[in-house]
1. For segment 437-488, how big is the tail of P(r) above 18 Å, as a whole percent of Cα pairs?
2. Using the Cα centre of the chain as the reference point, and only Cβ charges (+1 on K/R, -1 on D/E), how large is the resulting charge dipole? Debye, rounded to the nearest 20.
3. Enumerate the amide H contacts of Leu418 below 5 Å, restricted to partners 5 or more residues apart or on another chain; note that Pro and chain-start residues carry no placed amide H.
4. Would you mind working out the magnitude of the charge dipole of segment 119-220 relative to its Cα centre, with +1 at each Lys and Arg C-beta and -1 at each Asp and Glu C-beta, to the nearest 20 Debye?
5. Tell me the mean residue ellipticity at 222 nm calculated for the chain from its helices only (DSSP H runs of n ≥ 4, each -39500 (n - 2.57), averaged over every residue, nearest 500).
6. In segment 21-89, what chymotrypsin sites (Phe, Trp or Tyr not before Pro) fall in a loop by DSSP, with at most 16 other Cβ atoms inside 10 Å?
7. With a cut-off of 8 Å between alpha carbons and a minimum separation of six or more residues, what is the relative contact order of segment 87-140 in percent?
8. Taking 0.36 nm per intervening residue step and subtracting the Cα-Cα distance, what contour gain separates Arg399 from Ser273 on full extension?
Amino acid sequence: MTHSDIHTEILVAGAGFGGVAAALAAAEQGRSVLLTEPTSWIGGQVTSQAVPPDEHPWIEAHPGCASYARYRRLVRDTYRYAYPITDAAGAIEHLNPGLGLVSGLCHEPRVSLAVLEWMLLPHLSSGAIRLELGWSPVAMDMTGDRIDAVTFVDGNGNQTNVSAAIVIDATETGELLELGDVEHILGSESQAQTGELHALSGEPTPLDQQAITWCFAIDWSPKTDNVIDRPDTYHHWRAVEPDFWPGPLLGWEDVHPETLETRYLPLLGPEGSWDLWHYRRIVAGEQFRNDSYLSDIVAVNWPMHDYFAGPVVGVDADTAERNLWESRQLSLSLLHWMQTEAPRHDGGYGYPEVRLRPDITGDGPDGLALAPYIRESRRILAEHTVTEQDVGVMAREGRDRAARFHDSVGIGSYRIDLHPSTGQRTYVDVSSYPFELPLGALIPQRVENLVPACKNIGTTHITNGCYRLHPVEWLIGDVAGSLAAAALAQAATPSTIRNDASRLADFQRHLVERRGVELHWPDDIATQVR
């Protein structure tokens with residue numbers, strides 16, 4: 001085991017979607033960055049967690065910022081110029097490689113990985129960004145209200161102390177907030193705390209968090225032996241019937257997130273209907289020439305393997321590991337049930353043709369994705385916390401749009417979408433207006449040189465449900481990297497930039513002119529309801 005020390009201008013802990021965006025923004029503005037990542041893949045949601053982009057209807061015209069538009073363009077260009085797509089597919093301006101129903105850009109995790117690495121490449125070559133994979137934060141040193149250093153350990157047990165002028169927390173669970181005793185919220189607030197219509201009426205419950213999902217990829221291979229061994233806890237999961245579910249968790253009947261009515265959503269349905277095969281399909285074989293894909297490829301992120309039996313954040317390490325293992329067991333049980341017992345669309349039971357594709361997701365544990373999809377993080381106590389009253393349609397009765405913030409640093413849109421929780425509560429999925437991102441949500445109340453860059457901003461349990469998806473996480477990262485660069489250039493704290501009218505106006509102007517950020521929605525969209 002070795003011990004070493006590194007100094008950098010900006011430390012970005014976590015190379016998920018927001019972390020990569022933050023590192024790129026800072027490097028493009030002339031700053032040196034150390035970017036760390038505990039897994040072997042950068043990209044988070046869209047790569048190691050195998051969740052294709054979940055976006056709003058106006059994303060083509062309003063991508064949030066120029067760097068996200070570039071990322072999306074490069075994904076499509078990768079298919080156009082490196083893949084044997086058909087002429088018809090190549091001619092589609094807004095190419096959707098998988099023709100998935102949830103997004104206009106359903107695609108393979110490895111393509112996003114390649115694109116993100118390509119975007120980083122010139123900065124890695126110049127030395128502006130140093131990337132360290134397999135590094136996990138384990139400690140943080142602070143003096144008063146400033147972070148002095150963060151200690152990382154790699155896969156071999158080697159420790160590195162990293163000091164930085166600005167520290168950006170882009171970890172999936174807000175790990176630095178815990179390590180540094182930075183004031184934060186975890187889990188569900190109460191109505192007494194936030195006044196939110198859909199908040200809990202009782203006490204705040206830190207361990208009441210959205211379900212996580214361990215995703216995986218499948219294809220259709222009738223000529224191979226595909227059925228996996230029966231998982232250790234298969235009989236347990238086969239018998240689970242949650243109180244808020246219409247029957248067994250492993251089944252084609254589930255709960256419609258918006259209406260809470262029972263719906264039937266099978267693997268394969270009639271032509272033109274919604275079914276799970278086309279839900280998050282990431283490769284549509286019909287769009288590729290020469291039988292280069294013998295089958296479609298589907299990302300499995302479905303209601304029946306949301307793991308809500310227990311949290312993985314805010315619990316001891318042994319409990320977290322046990323719950324992560326159980327979440328993998330649930331995903332494997334879903335796969336085994338689908339292969340052996342699921343009612344078929346054409347009669348009979350079991351789809352042995354369904355094949356697990358670990359190569360598509362990076363050969364993660366048990367053949368699943370490299371990392372779980374964690375929807376909810378620790379969240380900073382911020383100078384401004386976005387509440388349901390700012391964005392929710394029901395909570396803004398008498399008004400026709402979301403709150404407009406004087407310190408807006410971008411736009412986003414998604415429904416307030418909370419999956420079943422570890423408090424054994426069903427979906428909370430309610431309408432919201434297209435919203436703005438206030439800079440105050442990125443400013444901790446106390447710590448001077450820390451900036452959040454993903455799901456750890458100043459939202460509530462409720463509003464995290466609409467600020468957690470891909471385009472907004474990328475935007476948060478781009479703004480965080482830009483804010484760090486501005487703070488260094490001005491020898492000022494992020495809070496000073498936000499709370500000085502002249503500095504704030506200059507920063508907003510910079511975001512618009514140099515980062516391609518829109519600060520407010522056009523009127524014809526601002527009043528739309530998601």
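1. That tail contains 25 percent of the Cα-Cα pairs.
2. 940 debye
3. Result for Leu418 returns Val428, Asp429, Val430.
4. 380 debye
5. -8000 deg cm²/dmol
6. Those satisfying the criteria are Trp58.
7. Relative contact order of segment 87-140: 15 percent.
8. Stretched fully, the Arg399-Ser273 segment lengthens by 41.8 nm.
Bear in mind these aren't lab numbers, they're just calculated from the coordinates by the rules spelled out. None of the values given here were measured: they were computed from a predicted structure. Don't worry about glycine lacking a Cβ; one is built from the backbone with ideal geometry, like all the others, and counts go over all protein chains shown.
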